[in-house]
Amino acid sequence: MAKEKPVNSVNLNGKKVVAHEGAVGVYNSKGSILFDVINYLIVGLASITTVLPLIYVIGASFATEFELQTRPMFIIPHDVTLDAYKYIFASNKLIRAFGNSVLITVCGTIINLFFTVTMAYPISKKYLKGRGPILTMVIISMFFSGGMIPGYILVSSILKLRGTYWAIILPGAISAYNMMIVKNFFQGIPQELEESAYLDGCNDLTTLVRIVLPLSLPVLATFGLFYAVGHWNSYFSAMIYLTDSRMYPLQLLLRSIIVQAEASAGDMSLMDPNFVEPPAQSIKMAVIVVATVPIMCVYPFLQKYFVKGVMVGALKG
Amino acid sequence: MDSAAKTPAKPRKKGGSSLGTEISKHLWLYIMLIPGVLYFIIFKYLPMGGIVIAFENYVPFSGITGSKWVGLYWFQFFFKSNWSLYLVNTLVLSFMSIILTFPAPIILALMLNEIRSLKYKKLTQTLLYVPHFISIVIVVSITYVIFGASGLIGRFAAQVMGHKVDFLGDPKLFRWMIVGQNIWKETGWGTIIFLAALTNVDTQLYEASMIDGANRAQRLWHITLPAIRSTIVLMLVLRMGSVLDTGYEQLILMANAKNRSVSQTLDVFVYQSGIQNSQYSYASAVGLLKSIVSVVMVVGTNKIAHMLGEEGLY
């Protein structure tokens, strides 16, 4: 903000005001300092409350059941124990679901990027004939959709993809919104680079692979993360399309362990029945932690890129 | 979105070369287009055409073309059922969340904007954005383990109130839980769009106001708020357009036998009748009704925004 540089006084509406005094005064008055203190406190409190549930769950996943039921609120348990983690990793259900989620996320993201890039690149070329109608087609689809039921009928009765991972991955292969941003990025690449590639004997495909894609790595990383987080977090399409519980991703397993089990309180039958009765509450916490860890690992990158992505969208929109 | 909508109107390359020579010249570009175009036709446009089943008695065996045409039967059927329950549940939840969750990111963004220590701002923002990336299943799971009977708050409430508080089953608390989850998950993230709008405020205005002797409250009221007013109106128009969308992913997870009377919204109804009970045509008809109301709401609120002298959505 304005530096404390003495400025000549100015005459406003007959009132003599010294500019620098005004500038400093805005922040130095009693009311202003009080406002700052309260503002910093409230924002600080809000951000702590935001992460507190997560920190509590992490701490509680290492606690004994006794401590969980007797101590009110704590972050670091007195008795740190790995029992909950030992228990959940003893049965292969969680490991399998974790593997399924990784498989869906990796394959899904590769398919997303392939479809997004192969479509965005041609329509980023203004000289391409037939580009207009294709763009219109994409934009209309951003505003109208057939809704849940026609989409479900298409995937399950017409394409007969029910029970396969294709049913989860294919219907969301391209996000029109992401694709348009990638297209805009491709349009920003200097035309001369591609022209010189053509002179060196490249065709459109080799230009894309050798020149354009290496230049687009940050963008591809951003949208790869966009898509990957979406895959990792989704449960709904897995729930309606998957028929074999051995194929369930982690989010769906989490749902059955915690949300559905709550109705039949403490029902842990989904876990290995031969195991000794473990601390039920901390097991749930541990499963939540395992499902959240991958997101937390990429969070620093997410924050950096996602904020930029939303900003781009906000400015364009 | 606006710039994207204009792109197709841009002039294409002039010249008489026929489509055939054009394709052979850029063969690879056209080959690359195939997967994407097929995707949009199959997964976006076929379902749009599939809306006709709302006017049919769709039987998977006979297919869309072979099923019997029933006209507006399903719409009449819906209005003979206890449709008002679904509508009331939807509207109450929606307006509760508009009143409570819509202003939250605006207030938070204004508060963040007043923080002058960049380090502190960055730190708090980093923390505030976290829940946005957490899946709804995990959000609901955390709610269950904390608010459940043996959870932290569940036990605490039982001690304070002297009796068990059924946070997860009590119909009176259901909507508060849903709104609370949304506030927790999206308030921080929602600030981004307003913070972006705030960066566009002309700093000269602040300097001028200082010279005029405006205090911070006056600056907030006369400069900052007017600067983001059009963004607020735009977001409100969009939000009103989705007033009938309560979403179903979160509600399905939070719904149970005890809170049925309030958790049944139109979205949940479409999911239950369409996917769980295979009443495809009925569910599509209700879904179509919802989309029509959404369009009317967007056009209506946009009109109101225009009347108030705002730019609105279009």
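The values are calculated or read from the model by the stated rules, or taken from the named source; none is laboratory data. None of these values were measured; they are calculated from a predicted model. Please note: Cβ atoms are built from the backbone with ideal geometry, for glycine as well, and neighbour counts cover all protein chains shown.
May I ask you to list pairs of residues, at least six apart or on different chains, whose Cβ atoms are under 6 Å apart, with the first in the stretch B:59-88 being touching a residue at least 40 places away in the same chain (Cβ under 8 Å) and the second being surrounded by 13 or more Cβ atoms within 10 Å (Cβ to Cβ) and assigned to a helix (DSSP H, G or I)?
Final answer for the pair search is B:Pro60/A:Ser157; B:Trp74/B:Ser281; B:Trp74/B:Tyr282; B:Trp74/B:Ala285; B:Phe75/B:Ala285; B:Phe78/B:Val286; B:Tyr86/B:Leu266; B:Tyr86/B:Phe269.
Exactly one condition in (1) within 12 Å of chain B (Cβ to nearest Cβ); (2) free of Cβ contacts under 8 Å to residues at least 40 places away in the same chain; (3) over 18 Å from A:Asn100 (Cβ atoms) is not met by A:Leu199; state its number.
All conditions are met except number (1).
Across the stretch A:34-44, what is the number of residues that are more than 7 Å from chain B (Cβ to nearest Cβ) and either under 24 Å from the mean Cα position of the chain (by Cα) or outside any helix (DSSP H, G or I) (or both)?
Residues in the stretch A:34-44 being more than 7 Å from chain B (Cβ to nearest Cβ) and either under 24 Å from the mean Cα position of the chain (by Cα) or outside any helix (DSSP H, G or I) (or both): 0 in total.
How many of the residues making up the stretch B:33-52 are under 14 Å from B:Ser291 (Cβ atoms) and either touching a residue at least 40 places away in the same chain (Cβ under 8 Å) or surrounded by 19 or more Cβ atoms within 10 Å (Cβ to Cβ) (or both)?
3
Going residue by residue through the stretch B:210-219, is there one that turns out to be at the interface with chain A (Cβ under 9 Å from one of its Cβ atoms), at positive phi and of a type outside the set (A, V, I, L, M)?
Yes, because at least one residue in the stretch B:210-219 is at the interface with chain A (Cβ under 9 Å from one of its Cβ atoms), at positive phi and of a type outside the set (A, V, I, L, M).
What are the residues in the stretch A:120-133 that are within 7 Å of chain B (Cβ to nearest Cβ), part of a helix (DSSP H, G or I) and either out of contact with any helix residue (DSSP H, G or I) (no Cβ under 6 Å at 6 or more places or on another chain) or more than 17 Å from B:Ile41 (Cβ to Cβ) (or both), if any?
The one that is within 7 Å of chain B (Cβ to nearest Cβ), part of a helix (DSSP H, G or I) and either out of contact with any helix residue (DSSP H, G or I) (no Cβ under 6 Å at 6 or more places or on another chain) or more than 17 Å from B:Ile41 (Cβ to Cβ) (or both): A:Tyr121.
Taking the stretch A:134-160, which residues are more than 7 Å from every other protein chain (Cβ to nearest Cβ), closer than 23 Å to B:Thr65 by Cα and not in a loop (DSSP other than H, G, I, E, B)?
A:Val155, A:Ser156, A:Ile158
Could we say that A:Thr50 is under 30 Å from B:Leu127 (Cβ atoms), modelled with pLDDT of 95 or more and crowded, with 19+ Cβ neighbours inside 10 Å here? Lay out the reasoning, then the answer.
Values: under 30 Å from B:Leu127 (Cβ atoms): yes; modelled with pLDDT of 95 or more: no; crowded, with 19+ Cβ neighbours inside 10 Å: yes.
Criteria not met by A:Thr50.
Looking at the stretch A:83-98, which of the residues that are of a type in the set (A, V, I, L, M) and modelled with pLDDT of 90 or more is nearest to the chain's Cα centre (by Cα)?
Checked the stretch A:83-98; the qualifying residue nearest to the chain's Cα centre (by Cα) is A:Ala97.
Could you please find all residues in the stretch A:55-65 being in contact (Cβ under 8 Å) with a residue 24 or more places away in the chain and more than 7 Å from every other protein chain (Cβ to nearest Cβ)?
A:Ile58, A:Ala60, A:Ser61, A:Phe62, A:Ala63, A:Thr64, A:Glu65
Only one of these is assigned to a helix (DSSP H, G or I) and more than 23 Å from the chain's Cα centre (by Cα): B:Thr124, B:Thr187. Name it.
B:Thr124
Within the stretch B:89-125, can you find the residues that are free of Cβ contacts under 8 Å to residues at least 12 places away in the same chain and touching a Lys or Arg at 6+ places or on another chain (Cβ under 9 Å)?
B:Ile115
Checking the structure you have, find out if any residue of the stretch B:237-247 is touching a Lys or Arg at 6+ places or on another chain (Cβ under 8 Å), in the same structural domain as B:Leu87 (by TED's automatic domain parsing), charged (D, E, K, R) and closer than 30 Å to B:Ile292 by Cα. So that I can check it myself, show each step before the final result.
Our first condition is that a residue be touching a Lys or Arg at 6+ places or on another chain (Cβ under 8 Å); within the stretch B:237-247, this holds for B:244-245.
When the remaining residues are screened for being in the same structural domain as B:Leu87 (by TED's automatic domain parsing), the result is B:244-245.
The next check asks that each one be charged (D, E, K, R); those that pass are B:245.
Checking the rest, the ones that are also closer than 30 Å to B:Ile292 by Cα come to B:245.
Within the stretch B:237-247 (the criterion being touching a Lys or Arg at 6+ places or on another chain (Cβ under 8 Å), in the same structural domain as B:Leu87 (by TED's automatic domain parsing), charged (D, E, K, R) and closer than 30 Å to B:Ile292 by Cα), the answer is yes, since at least one residue qualifies.
Quick one: is A:Tyr177 within 11 Å of chain B (Cβ to nearest Cβ), within 24 Å of B:Leu33 (Cβ to Cβ) and either part of a helix (DSSP H, G or I) or touching an Asp or Glu at 6+ places or on another chain (Cβ under 8 Å) (or both)?
For A:Tyr177, the condition - within 11 Å of chain B (Cβ to nearest Cβ), within 24 Å of B:Leu33 (Cβ to Cβ) and either part of a helix (DSSP H, G or I) or touching an Asp or Glu at 6+ places or on another chain (Cβ under 8 Å) (or both) - is met.
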